[in-house]
Amino acid sequence: AAPRGSPVLYVVIKQLLKGYEKKRGKLLAPYIPQIQGVDPSLQVDHRIQASSQAAPPTSKHNKPRAANSRDERFRSDLHTEAVQAALAKYKERKMPMPSKRRSVLVQSSVEACTPPDTSSASEDEGSLRRQGRMATSSPYQPHPTVEHWFNRVIQGSSTSSSASSTSSHPGGRSHSANATSGSAATVLADLMAHTQLDNHCAPPDVTGLSERSLHAERPQVASVRGLPRGYTHTSSTMETADGVPVNSRVSSKIQQLLNTLKRPKRPPLREFFVDDFEELLDVQQPDPNQPKPEGVQMSPLHGDPLGVVTNWPPSLLASLQRWGTAQPKSPCLTALDNAGKPVYTLTYGTFTLQKLAYTLLNKLSSRNEPLLRPGDRVALVFPNNDPVMFMVAFYGCLLAELVPVPIEVPLTRKDAGSQQIGFLLGSCGVTLALTTDACQKGLPKAQTGEVATFKGWPRLLWFVTDGKHVVKPPKDWSPPIRDASNETAYIEYKTSKEGSTMGITVSHAAMLAHCHALTQACGYTEGETITNVLDFKRDAGLWHGVLMSVMNRMHVISIPYSLMKVNPLSWIQKVHSYKARVAVVKSRDMHWSLLSQKDQRDISLSSLRMLIVADGANPWSISSCDAFLNVFQARGLRPEVICPCASSAEAMTVAIRRPPEMGVPPPGKAVLSMSCLSYGVIRVDTEEKLSVLTLQDVGQVMPGALVCVVRPEGTPYLCRTDEVGEICVSSCTTGISYYGLPGMTKNVFETIPVTASGSPVSDRPFTRSSLLGFIGPDNLLFVVGKMDGLMVVSGRRHNADDVVATALAVEPMKFVYRGRIAVFSVCVLHDERIVVVAEQRPDASEEDSFQWMSRVLQAIDSIHQVGVYCLALVPANTLPKAPLGGIHISETKQRFLEGALHPCNVLMCPHTCVTNLPKPRQKQPGTPVGPASMIVGNLVAGKRIAQACGRDVAQLEDNDQFLYMQDVLQWRAQATPDHPLFLLLNAKGTVASTASCVQLHKRAERVAVALMERGRLNTGDHVALVYPPGTDLIATFYGCLYAGCVPVTVRPPHPQNLATTLPTVKMIVEVSKSVCILTTQAIMKLLRSKEAAAAVDVKTWPMVLDTDDLPRKKLPQIYKPPTPEMLAYLDFSVSTTGILAGVKMSHAATSALCRSIKLQCELYPSRQIAICLDPYCGLGFALWCLCSVYSGHQSILVPPLELESNVSLWLSAVSQFKVRVTFCSYSVMEMCTKGLGSQTEALRVSTCHSLSLLLFGFLPLSSLLCDQLRNVNLSCVRTCMVVAEERPRIALTQSFSKIFKDLGLSPRAVSTTFGCRVNVAICLQGTAGPDPTTVYVDMRALRHDRVRLVERGSPHSLPLMESGKILPGVKVIIANPETKGPLGDSHLGEIWVSSPHNATGYYTVYGEEALHADHFCTKLSFGDTQTVWARTGYLGFLRRTELTDASGERHDALYVVGSLDETLELRGMRYHPIDIETSVIRAHKSIAECAVFTWTNLLVVVVELEGSEQEALDLVALVTNVVLEEHFLIVGVVVVVDPGVIPINSRGEKQRMHLRDGFLADQLDPIYVAYNM
C-alpha cells in the first residue's frame, strides 16, 4: 500500500505562499542531518554519513517553484516531513535497548556486533559524556578490568564515528592494543568535534560502560575466562534510583527504563487502608474540551435516477448470447503470461458454455443420483493468471443455474485463513470444486494421489473444466435463459476483522442492476478496451472485468498479479499498446509503476478516459494518485481521468468519481484535523498543525441509490453534517445477505436508519457499507476509513491505515518493507490496544531496527495522540499473506495472541498505553489506628480473634522422663538392643545399610571417643557433619551429643559442581564457628582437592576428621548437659529469600519437637515410616535423625538424590514395606508426577496381569519401570505428607493424587506440613483428625490483606489448602506485622507461634544481619500481652471449619499464603509472587517455569523457555498481557532464559532473591531481555 499521505504542515493553499520555504527551513533545520555536529536523531544512516563526511545534501524540495505550477511534493513527502517535525519536538528519550542472545539475532550476520544501549536517539547523543568517560579510562590499553559477565566477547569501542571503520574488521572486534588505540584516536577526534554539544540538556547517561557490546552471548572467545565471577572495577559502579550501588548493565538499563517512564509518584504502602477492596478499573472520563458535532442532522442523499435503456438485455446470459450471435469475432478477454505476452484471446463467438453446463448437470452423479441440482453451490478454484477458464466456468454455472462461489487457490494445507474458507464452503453445502488441469496438478496431494483435504474443509470432488470429461451436449439440449430474478446468482467471500469468512449472496437482479448503474456512472460504451489489474474473482475486478464487460461487449486485458510482480509497468504498457480507454487499478499498482518508470520513455496514457482507483476510498490513496499524476502527466495522463471509487463487498459500488465528459463538479479535497476525527467530528484544519489528514473525494453516489451516514455503534441514528459515521446505501444494486447467517444479515443488510426523534428515514431497508465517511460540499462523498480498520482506544477512534502511514513516514523502506506492515488492536484490560507488526529487512542491524521502532512510537504518539501497546518486527517473508499480496491481518493478530508470530524484535509500551488501571491503594484519612484495634471481648472488628492451638501436651500420656536425646538412645540400646531403627535404601531398591538401637549407640560412642581423643574438642564446641544422606550422619550426630559437642549438619558439595556448592559448605562451616569437620574419606579428599582449591581457600578449613575406620573404644561417660535449655544442635538453612540463617535448638525444644510429632503421627516402636527428604535442616533433619530414636519406630530412609536414577524408588519402598505414614518434598513429588505420570495406566494394566498390551508395545512403559513398579500398591498409605515452608501447591498435590489413584493411593492421603526457621514443625496432618480442607478466596481481597471466601470457579478465586493440623502444644495467632496487634479471622496477617519446640534464636544470620531478635520473643501490642510468640515471617489466616477434631471441638484450619519477605508491594497492594507466576505459566505452552521479583519499583518476570529460541520474543507480549489482565500490574522487564536457570533449593522452593542477584549481575545468560516502556 502506498503511504498515507497528507498530514501536512500547513494548509494546502498556504503552501504556495512565499514565506513557506523559509519557515519550513527554520522549523526543520535542527533536525535535517547536514553537518556532523548537528543532532543526528533524524539521520538515516549515521555511520555512512559520518565516515564519508558527506556534504550537506541538497533537497529536491528546496528548489524554488513558480507560484502557478502544481505542488510538486507528493503528499507522502509532506507526511514524512510532518512525522520528522513531530519527532523533532521530542527530546529524544533514552530507551533501554533489549538484550538478545546472539543465536536469536535472526537475520544479522554473526560478526556484526551490536553497539551498546543504542536508544531511540542515535549513538551520538550524550556521546560527549560517554566518550569523555572512556577517554579518561586510558583507552590505549585493552580493558582487562571490565566485569567478566559484561564482556563475554571483548570488543573495541564502537561509537558512531568509528563504527564504519571497525566494522571492516571481522565483527568490528579489535583485540589488539593498536586497533584499540586507533579507535580511541577517532574517539578523541570525535570528542573535539562534539564539544559544542556539552550545554545541551541531554538526559544523564546512566548506561555505565555503554561503549561495550552488551549482548549476553555465550562465550566465543576465551580471553576472559580466568577472571573470577564477581571481579569488578570500581569505576563502573553506579547507583540505582534507590541509591543501591550496583555494577551491572542490567540495572543500568532498568535505570534508563525508569528515566524513560514518566513515573507517577506512587504512595508507599501504608499501615491501614480503606476496607473497600473492590478494584474498579479507571473508566476513561470524556474530555470536557473534546470537539462535539455542531451541524444539523444530515438528510439522505439521492443519486441520479437510473436511466431507462430500450434495448437493455434481461440478463447477462442473454447479453452474452446476443453478442455471440451478433459480433462473434469481437474480442472479449485477453489473458497474458508472465512475460506480458498474450496467451489466449476469448471472443464472444468462442465463448461457449453449453458443454460445461450440460456436463455439470448430467454427467456427474453419486449413487445414480445427479450430483448437482439447480441452485446448488459450486466452488470455483482458479489461479489469478487464468481469467479465461474462470470466465467460462462462472458463466457456465449461471447457465446451469448453479451458484458459483469463487475462492482462492489453496497453496498449502496451512494457508492463512484457509480453515475459515473451508467453513464457508461447508456452510454453503459445496461438494464440487471446478478448477483447471494445471491448477489441479499443483494442489497438495494426499498419499493416494488425490487432492488433499484441507484443514476445516468439507470433502470435495475436484472437476477439471478443460479436461476430457467435459462432453458435448445432444443437439436438442438447450437450457432456457431466464430473466434476472431475485434468486442467488453468485456468492462472494469476505473476511471480517476477527478473521471469520462470510459469503455475501448477490442476486441475478442486483448483478444486472449493478452493471446498469456502473455503465451509466462510468459512461461505458460498446467495444471499449479496459485494462484490469485487479483480482477478477471478486470485488471491482469481477464487476468491471467479468460482468460489466459482457454487458457492454468490452474487451478486457487481464493483467495477472504474477506479471505485476515481475514487471510493475505492464499495465501501463498494455494501456499504451491496446489504446485502452479504461484501466482498473489499486493505489499499490500506481505506486509500483512509479518505482520502475524511469527506464520507460515511449509510453502514452493519452487514450485513457478513466483510471478507476478501486481502493480510492483509502485515505492514503491520494498520495499515490498525486504522485502518479505528477510523473505521468508528461506521458499524456490528464488529471481529470483519475476516478477514485468507494465500494465494499456488502454494498458493492457506493460512489465513483465520474469521467470528465459527464460535466460533474471538480474533484474536492479536505484537510481535516486528525484529533477531531478521532472523536468522529469533521473540522477543517486551518492552523499550522502536524496531525492533519488530507482526503480526496470518491465522487458522487451511484445512480438510483439513496445514501445516508449513521452512527457506527448502537442504534443507527443519522449523523450530523459535521460528523463521521458509517455510510449506508439503499439500492437495488447491493448484496442480499450473508449466506446462512440470518442474524448478521438483519443487522447489516436490513438496517433502518432513524432520525434523532426515532422516526425511520425511509421505508426501504439500507445496507451498511462498512465504510466510515461523510458527505462533503457538492454532494461529494469522502471516506476516512473502514470499520474493519477501526480501533477504539479510550473512547477515541483511530484508523489502522493512518497508523501504517505514520510508521512508513519514519525513515521509510530503510529497515522494513513498505507493504508489509500490519496494524490491529487487541483487547487487554477492557480496552483496545494498538499493535504494529512489520517485516524487517534482512540487512537492518539490531540497533537500527530498535531506533526505528522507538521513533515510530514517538511519531504515532505525536501525530495521533495515542500510544502503541506493542511494536514487533518479524523476519522478512514470515507474516501470513493475503491471496494477492498484502498481509492477512486477522491471521497475524491470531498468531500474535497465540504466541506464534516469532518476532525478532519487540518493544512493548504498557506503561504509556495502559491508563485505566485501578487507582493505587491510599491511606484512609484521619485513622490513627487500624481496623483490628478495637477489642470487645475476643472480637476484633466484629470477627473472632484469629487464634488456635493444637492438643494440650500436658494432658497426654507420654514417656516424658527423657529431656535429652542421648539419654533416649542409651536407654533404647539397653532396653531393646536389636530393635531396628533405620533402614537405608540405595538406587536399586536394595538395603544399603541398617542400624539397630545398639549399633547406633556403639557407633555414636566411637565417634565421641574420636572427637575427644583425636580432635581434643571441648564441651560446647561446634562440629560440622558433612555426610551424604545415610546412617553415618545419624551416628555422628549422636556421637557429638555424647561428647557434649554441638553438631551442625551440612550438605556435602557436589563433585561435579564444586564451584557453586563448595562455597556454601565453607560459608556454613565458618558462620557456625565449627572447630572440626567430621566426614567420610571420599569427601575429605574432595575438600582438599585441586578443584576445591579453585573454588575456596582450602588452607583455612578447620580440622577435618574422617569417621570411616574408628577404633572400637568405649566412651567412659556420656555427657550430661546441666540444663535442658542448653544448645543441642544448630540448624542451618537458606530461606526462600536467599538468606542463610542458623537457628539454635535446645535439648528441651528438641525433645518437645519429637514428642509433638510422635503424638500427631501416632508413632510407636511397631510402626514403620518412609522418609524421602534431605536430612540437613528443618523437619527433614528431625524426621531423619531424631524421631526414630525418640519414638522407637523404624524409618525407611530414601535419599532423594537416588530418585534421579530410579524415579520409582520411593513409591516402591512405600508399597514393599506397606508403610502407613510417609514424608516427601515437593521436588520428589514433582519427579514422580513427571517421571511416572504417563506410566500409571500401564502399571495398573500390568498389575492386572494384562501384559499382552505391553508385549506388543502398545503402552509407553519401559521394561525397567514395569519390573520396578509391577506390584506397587499404595492402598496401605494413610498419610503422605509434603514437608514445606511455603503455601501448599494444590495443583501438584492434586495431580499426584490423581495419577497414583490407579495404584491404590487414597485421594484423602496427601497433605502438607508447615514449618519455618523459628519453628520447624507448626502443622503436620498426622494420622487422626479431619481431612485437610480447601477454601477459595478472592485474590483481589487478598492484595488488601483481607480474606473473603468465594465459591469455587468464581472470578479471581484462588484455591488454598490447609497446611496440615496444628501440632500438640503449639499455639498460633494471626497478628498485624506492623502494629503487632491481633487480627480477626477475616484478615490476612503474620502467623505467630508459641510452642515448647520453638527455636531459641538465630545463631547468626548471614546475608541480613539486621534480622531482629523479636523473631523469637515478641508480644502482642494489646490483648494477651503476656504470651511470648515467635514470628514466622509468613502470612496466613485461620478459619474455623464445620469439621470436629479428636476432642470434639470445631476444627481450626491454618492457611499459609506466602512469605512476608517475598511479597511484592506494588501500587499500594500486597502481591504474592506465586499468584503472578501461576498466571504467567498458563500464558504459553513453552513456559516451563517462571519467577517474579521487583527491582526499583519495576516488576521483573523471568520465564524459562522450553522450546526453540524463535519463540522467546513471543512470550514478551503474552506475559505482559496476562499479568495486566489478571493482576492489574504492568510488567517492567521480561527475561527469557533457558530451562533450569531459576534456582531452586532442596525443598523445591524457588530462590527468587538469588535469581534477582544473578539477573542484576548479568549472570543468567538470557535468551532475551525486554524492557517494557
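Quick check on my filter: what residues within the stretch 1354-1383 are polar (S, T, N, Q) and closer than 30 Å to SER1447 by Cβ? It would help to see each step written out before you state the result.
Initially, the stretch 1354-1383 is screened for residues polar (S, T, N, Q), giving 1354, 1357, 1363, 1376, 1379.
The answer is SER1363, ASN1376.
For the stretch 706-753, give me each residue that is more than 16 Å from ALA646 (Cα to Cα), in a loop (DSSP other than H, G, I, E, B) and polar (S, T, N, Q). Don't jump to the end; show me each part of the working.
Step one: filter the stretch 706-753 for residues more than 16 Å from ALA646 (Cα to Cα), giving 710-723, 732, 736-753.
Keeping just the survivors that are in a loop (DSSP other than H, G, I, E, B) gives 711-716, 719, 721-722, 732, 736, 739-741, 750, 752-753.
Answer for the stretch 706-753, where residues must be more than 16 Å from ALA646 (Cα to Cα), in a loop (DSSP other than H, G, I, E, B) and polar (S, T, N, Q): THR715, THR721.
Here's a check for you: in the stretch 1064-1086, which residue that is in a helix (DSSP H, G or I) and under 12 Å from VAL1104 (Cβ atoms) is most open to solvent (accessible area, probe 1.4 Å)?
The initial filter retains those residues of the stretch 1064-1086 that are in a helix (DSSP H, G or I), namely 1064-1071, 1081-1086.
Still in the list and also under 12 Å from VAL1104 (Cβ atoms): 1065, 1069, 1081, 1083-1086.
Numbers: VAL1065: 4, VAL1069: 5, GLN1081: 80, ILE1083: 19, MET1084: 45, LYS1085: 151, LEU1086: 38 Å².
The selected residue is LYS1085.
Strands (runs of 3 or more DSSP E) wholly in the stretch 1440-1533 with at least 2 residues that are open to solvent by 10 Å² or more (accessible area, probe 1.4 Å) - which ones? Reasoning before the result, please.
Details: elements: 1450-1459, 1464-1466, 1469-1471, 1487-1495, 1498-1505.
Per the criteria, 1450-1459, 1464-1466, 1487-1495.
Kindly establish whether ALA1321 is among the hydrophobic types (A, V, I, L, M, F, W, C), assigned to a loop (DSSP other than H, G, I, E, B) and open to solvent by less than 10 Å² (accessible area, probe 1.4 Å). Lay out the reasoning, then the answer.
Numbers: among the hydrophobic types (A, V, I, L, M, F, W, C): yes; assigned to a loop (DSSP other than H, G, I, E, B): yes; open to solvent by less than 10 Å² (accessible area, probe 1.4 Å): yes.
It is true that ALA1321 is among the hydrophobic types (A, V, I, L, M, F, W, C), assigned to a loop (DSSP other than H, G, I, E, B) and open to solvent by less than 10 Å² (accessible area, probe 1.4 Å).
Return only the number of the condition from (1) touching a helix residue (DSSP H, G or I) at 6+ places or on another chain (Cβ under 7 Å); (2) buried (at least 16 other Cβ atoms within 10 Å of the Cβ); (3) at pLDDT 90 or above that LEU1110 does not satisfy.
(3)
Look at the stretch 460-481 and say how many of its residues are within 57 Å of the chain's Cα centre (by Cα), in contact (Cβ under 8 Å) with a residue 40 or more places away in the chain and open to solvent by 90 Å² or more (accessible area, probe 1.4 Å).
Matching residues across the stretch 460-481 total 1.
So, of the residues in the stretch 401-419 that are open to solvent by 60 Å² or more (accessible area, probe 1.4 Å) and within 21 Å of ASN384 (Cβ to Cβ), which turns out to be modelled with the highest pLDDT? Give the derivation first.
If we filter the stretch 401-419 for residues that are open to solvent by 60 Å² or more (accessible area, probe 1.4 Å), which is where we start, we get 401, 411-414, 419.
Narrowing the set further to residues that are within 21 Å of ASN384 (Cβ to Cβ) leaves 411-414.
Details: LEU411: 80, THR412: 77, ARG413: 72, LYS414: 72.
Ranking the qualifying residues of the stretch 401-419, first place goes to LEU411.
Keeping to the stretch 1023-1036, report how many residues are open to solvent by 20 Å² or more (accessible area, probe 1.4 Å) and part of a strand (DSSP E or B).
Of the residues in that region, 0 qualify.
Between residues in the stretch 642-670 that are within 19 Å of ASP589 (Cβ to Cβ) and residues that are open to solvent by 20 Å² or more (accessible area, probe 1.4 Å) and assigned to a loop (DSSP other than H, G, I, E, B), which pairs lie under 6 Å by C-beta distance while being six or more apart or on different chains?
CYS643/ARG657; PRO644/ARG657
For the stretch 1141-1178: of the residues being assigned to a strand (DSSP E or B) and open to solvent by 10 Å² or more (accessible area, probe 1.4 Å), which is farthest from ASP1557 (Cα to Cα)? Break it down into steps so the answer makes sense when it comes.
Step one: filter the stretch 1141-1178 for residues assigned to a strand (DSSP E or B), giving 1141-1146, 1168-1172.
If we keep only those that are open to solvent by 10 Å² or more (accessible area, probe 1.4 Å) as well, we get 1144, 1168.
Details: LYS1144: 28, GLN1168: 43 Å.
Restricting to residues being assigned to a strand (DSSP E or B) and open to solvent by 10 Å² or more (accessible area, probe 1.4 Å), the top hit is GLN1168.
When you go through PRO1053, PRO1047, PRO1116, PRO1121 one by one, which is the residue that is closer than 25 Å to TRP971 by Cβ, in a loop (DSSP other than H, G, I, E, B), open to solvent by less than 80 Å² (accessible area, probe 1.4 Å) and not polar (S, T, N, Q)? Even if it seems obvious, please write down each step before you answer.
Working: PRO1053 fails: closer than 25 Å to TRP971 by Cβ; PRO1047 fails: in a loop (DSSP other than H, G, I, E, B); PRO1116 fails: open to solvent by less than 80 Å² (accessible area, probe 1.4 Å).
The match here is PRO1121.
I'm trying to understand the selection: among the residues of the stretch 1329-1357, which are closer than 24 Å to ALA1309 by Cβ and open to solvent by 20 Å² or more (accessible area, probe 1.4 Å)? Steps first, answer last, please.
From the stretch 1329-1357, those closer than 24 Å to ALA1309 by Cβ are 1329-1336, 1352; that's our starting set.
Of everything in the stretch 1329-1357, those that are closer than 24 Å to ALA1309 by Cβ and open to solvent by 20 Å² or more (accessible area, probe 1.4 Å) turn out to be GLY1329, ASP1331, PRO1332, THR1333, THR1334, VAL1335, TYR1336, ARG1352.
Residues checked against (1) modelled with pLDDT of 95 or more; (2) in contact with a Pro (Cβ under 7 Å, 6 or more places away or on another chain); (3) farther than 30 Å from GLU81 by Cβ:
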| residue | (1), (2), (3) |
| --- | --- |
| GLU687 | no, no, no |
| THR715 | no, no, yes |
| CYS719 | yes, no, yes |
| GLU726 | yes, yes, yes |
| GLY735 | yes, no, yes |
| ALA756 | no, no, yes |
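One residue is enough: does the stretch 839-857 have a residue meeting the conditions within 17 Å of HIS798 (Cα to Cα), over 17 Å from the mean Cα position of the chain (by Cα) and not hydroxyl-bearing (Ser, Thr, Tyr)?
The first filter runs over the stretch 839-857 and keeps only residues within 17 Å of HIS798 (Cα to Cα), leaving 856-857.
Keeping just the survivors that are over 17 Å from the mean Cα position of the chain (by Cα) gives 856-857.
Checking the rest, the ones that are also not hydroxyl-bearing (Ser, Thr, Tyr) come to 856-857.
Yes, some residue in the stretch 839-857 is within 17 Å of HIS798 (Cα to Cα), over 17 Å from the mean Cα position of the chain (by Cα) and not hydroxyl-bearing (Ser, Thr, Tyr).
Given the conditions (1) open to solvent by 20 Å² or more (accessible area, probe 1.4 Å); (2) in a loop (DSSP other than H, G, I, E, B); (3) more than 30 Å from ILE491 (Cβ to Cβ), which single one is not true for LEU637?
Result: LEU637 passes all but (1).
Looking only at the stretch 1559-1573, how many residues end up being in a helix (DSSP H, G or I) and open to solvent by less than 10 Å² (accessible area, probe 1.4 Å)? Working first, answer last.
Taking the stretch 1559-1573 as the starting set, the residues that turn out to be in a helix (DSSP H, G or I) are 1559-1560.
Narrowing further to those that are open to solvent by less than 10 Å² (accessible area, probe 1.4 Å): 1559.
Counting residues in the stretch 1559-1573 that are in a helix (DSSP H, G or I) and open to solvent by less than 10 Å² (accessible area, probe 1.4 Å) gives 1.
Residue-by-condition table, conditions (1) surrounded by fewer than 16 Cβ atoms within 10 Å (Cβ to Cβ); (2) farther than 26 Å from VAL1189 by Cα; (3) among the basic types (Lys, Arg):
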{"site": "LEU983", "(1), (2), (3)": "no, no, no"}
{"site": "THR990", "(1), (2), (3)": "yes, no, no"}
{"site": "ARG1006", "(1), (2), (3)": "no, no, yes"}
{"site": "ASN1018", "(1), (2), (3)": "yes, no, no"}
{"site": "TYR1038", "(1), (2), (3)": "no, no, no"}
{"site": "LEU1041", "(1), (2), (3)": "no, no, no"}
{"site": "LEU1062", "(1), (2), (3)": "no, yes, no"}
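Go through the stretch 1287-1308 and give me each residue that's in a loop (DSSP other than H, G, I, E, B) and crowded, with 23+ Cβ neighbours inside 10 Å. Give the steps one after another, and end with the answer.
Filtering the stretch 1287-1308 down to residues in a loop (DSSP other than H, G, I, E, B) leaves 1287-1289, 1304-1308.
Passing the criteria: ARG1287, PRO1288, LEU1305.
If only one of GLY1389, GLY1364, GLY1315 is closer than 23 Å to PRO920 by Cβ, buried (at least 24 other Cβ atoms within 10 Å of the Cβ) and in contact (Cβ under 8 Å) with a residue 40 or more places away in the chain, which one is it? First the steps, then the outcome.
On the way: GLY1364 fails: closer than 23 Å to PRO920 by Cβ; GLY1315 fails: closer than 23 Å to PRO920 by Cβ.
Selected residue: GLY1389, the only one of GLY1389, GLY1364, GLY1315 that is closer than 23 Å to PRO920 by Cβ, buried (at least 24 other Cβ atoms within 10 Å of the Cβ) and in contact (Cβ under 8 Å) with a residue 40 or more places away in the chain.
The values are calculated or read from the model by the stated rules, or taken from the named source; none is laboratory data. Everything numeric here is computed off the predicted structure, so don't read it as measured data. With ideal geometry, Cβ positions are generated from the backbone for all residues, glycine too; neighbour counts draw on all protein chains shown. Just the protein is used for accessible areas: all its heavy atoms, side chains included, with ligands, DNA and RNA removed. Shrake-Rupley method; radii C 1.70, N 1.55, O 1.52, S 1.80 Å.
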